[in-house]
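The values are calculated or read from the model by the stated rules, or taken from the named source; none is laboratory data. Keep in mind the model is a prediction, meaning the values are calculated, not measured. Please note: Cβ atoms are built from the backbone with ideal geometry, for glycine as well, and neighbour counts cover all protein chains shown. Each accessible area value is taken on the protein alone, full model and side chains, heavy atoms only, with ligands, DNA and RNA left out. Shrake-Rupley method; radii C 1.70, N 1.55, O 1.52, S 1.80 Å.
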Amino acid sequence: MNHFPLVALLLTACGESWTWHATSANKDSGGDTAAPGHDLDGDGFTDIAAGGDDCWDDPISIPAGFEAIAGTAQPAAAEVHPDATETWYDGVDQDCAGNDDFDRDFDGYNATNDCDDLDALVNPAAAEDCATAYDDDCDGDDNDVDSVGCAAWYSDTDGDGYGSAEACLCAATVTYALAGGDDCDDADAAVNPGEAEVCSDGVDNDCDGGAGACALTGGSLSGADAKFTGEADDIAGYSVAEAGDINGDGFDDFLVGAIGNGDGVAGSAYLLLGSAAPASGSLTGGVEFTGETAGDAAGYEVSSAGDIDGDGLGDFLVGAFKYGDGISGGVAYLILGEPSPGGGSLSSAVTYSGEGVGDLAGSAVSDAGDVNGDGLDDFVVGAPYNDDFDGNAGAAYLILGSATPSGGSLGYAVEYTAEAADNYAGVSVSGAGDVDGDGLDDFVVGADYNADGGGGAGAVYLILGVASPIGGSLSTAIQYTGEATSDRAGCSASGAGDVNGDGYGDVLVGARYSDDGGTDSGAAYLIAGTASPLSVSLTAAIEFSGEATNDNAGVSVSGAGDVDADGYDDVLIGAYGNADYRGAAYLVLGESAPASAQLSSAVRYSGENDPDYAGFSVSGAGDTNADGYHDLLIGGHGNDDGGSYAGAAYLILGQGL
């Protein structure tokens, strides 16, 4: 054997030269270094470090990890080389193939895929046996549920006879005794599949994963939780609305308009106070606010106003579009909340009068939220026949909240005028919530004869809140344009709440004459809020189409709040022509990804008789019984239970888990 000093040498042969650095792996038994290509352990393969393919070329030491099987001899290092056979030892790659593939227990699997290579009964092809404490089939689970003799047993912590925590055992134990794991709360004995669902307690009592029998299912309005009937010719329920908590008792109150009530059709609005147990009765049991003069049609529109004066009590609005000593300038009345509302003539309310003859101001009224961010709620009034831009172009007025609201002409309010003649802007108005998430509330104005999508296609304008609203032409607002000629989109419009739970307020638009579900079947469109809302055709919106010809779905639309308390706001859509004018209202439940659908898939509330015109007006009612679930209002102004065209309003209480 040749010996070389432990230094780098420059060697030459046939005119070629290279440099070689000695390493410990190239030492021979004497500690000297070997020349390149030298086979130190004499197995016929040169060391990898010297450019060869022997993964262990040291004749002195034994590779780390070699384990001798009982009764066998320790190998020499020369037994590790590329042509070696994995025969006796585990933990080292004897054949230099890059893996240790010796099958020590001769069961057909080696250390690369056998989780116990010393037990021939344990390998991937073995059957799981729960009598053993280990993983027989090497799948990572010590005892599979489908293994031989193994069953799923469950613990019953609360002692109600239903289990929860699972273990796979061959037999029951003190801890695991039940063959059934369907207890969704094993810490509460009153919660299990054998219990009856208790509505509105927020608990899945029967463990079915849903509201079960407590889910709202619709049906005839004869089964409503409460019905409030008018007197003959009152046409009560022509409008319905949430009022907020007017008297500060913790229960939300609501409004019913009766445009035919009073001498000479002066009209009235009834305030119904919320309570823990709302009960049916005559509207005469409510607090009545009567029109000032014959023909006013007070109650044509009613709405919450929010808290205009910042006193902590809700305020409300009543529209009388024919008010004005025969000139029909129209008026909107603001009634401020008080602990004991007494009713009486609307002449004592704060009055906002239309600007000119025939404006029909008060045809639409609504709260607008806090548009300018001053801490006081604002409201909006529609005057669809206003001529300030052109004949019957229409307008909407924003009235800012004040600690001392004083009323006066709407000419002093912030005015938004229509784009063109005969648009009838202001036929519908509504607060929209915070659509763009900037902290300021926004509102919408409908113009159902706007022709941008075709004659009478209609449109709805979104006006974003700003610190100093200045009004102007609606042409500068965000516009949602009707799909087709004569759809009349914008005949109704409303804030929808946050239907998809993304933190932005959404918008709901009614188009009562849409033909998408049949001639005049009607439709309602949901436009999701976003940080940067853009003008679009309603073809891009989520559409809920009417069920049948002449349903007129979308004649009224409203946000409903979170009726089932699932974290998503819901919406209500009226279709007064449904079933030969028996009428109906549809509850569409919010969800993370709402999709277009026919209203047949929604929760339907059907009018009692033909023609009740149920659904001509719909509204969320707030939480009238303070149970944590928002409630619904549906008007049926043709109902005759209190006399011919007495009308009625129905209250449906929200419920769920």
Counting only protein heavy atoms and using a 1.4 Å probe, what share of the accessible area of the chain belongs to carbon plus sulfur, as a whole percent?
-> 50 percent
Please list 171-180, 646-655 highest first by mean number of surrounding beta-carbon atoms within 10 Å per residue.
-> 646-655, 171-180
Among rounded, prolate and oblate, which fits region 342-443 when a ≥ b ≥ c are the square roots of the eigenvalues of its C-alpha gyration tensor, a/c under 1.5 means rounded, and a/b larger than b/c means prolate?
-> oblate
State in Å² the accessible area per residue of the chain; use a 1.4 Å probe, count heavy atoms of protein chains only, and round to the nearest integer.
-> 39 Å²
Toward the positive end of the charge dipole of region 403-525, about the Cα centre and with charges on Cβ (Lys, Arg +1; Asp, Glu -1), which of 523, 432, 474 goes farthest?
-> 474
Projected-area average for the chain over all orientations - Cα convex hull basis, square nanometres | 47.8 nm²
Using a 10 Å cut-off on Cβ atoms, rank the peptides 380-387, 625-632 from the highest mean neighbour count down.
-> 380-387, 625-632
Can you list which of the chymotrypsin sites (Phe, Trp or Tyr not before Pro) found in region 203-253 are DSSP loop residues with at most 15 other C-beta atoms within 10 Å?
-> none
Please get the size of the charge dipole for the chain, origin at its Cα centre, with Cβ charges of +1 on Lys and Arg and -1 on Asp and Glu, quoted in debye to the nearest 20.
-> 4120 debye
Nonlocal amide H pairs with residue 590, under 5 Å, H built at 1.01 Å | 570, 571
Determine Rg/Rh for region 390-477; Rg is computed over alpha-carbon atoms and Rh is the Kirkwood hydrodynamic estimate from the same atoms.
-> 0.99
At q = 0.12, 0.14, 0.15, 0.21 Å⁻¹, the log10 of I(q)/I(0) for region 538-609 from a Debye sum over equal Cα scatterers comes to -0.31, -0.42, -0.48, -0.89
Gap separating the Cα centres of region 109-123 and region 263-323, nearest whole Å | 82 Å
First obtain the Kirkwood hydrodynamic radius of region 514-642 from its Cα pairs, then insert it into the Stokes-Einstein equation at 20 °C and 1.002 mPa s, and state the resulting D in µm² per second as a whole number.
-> 144 µm²/s
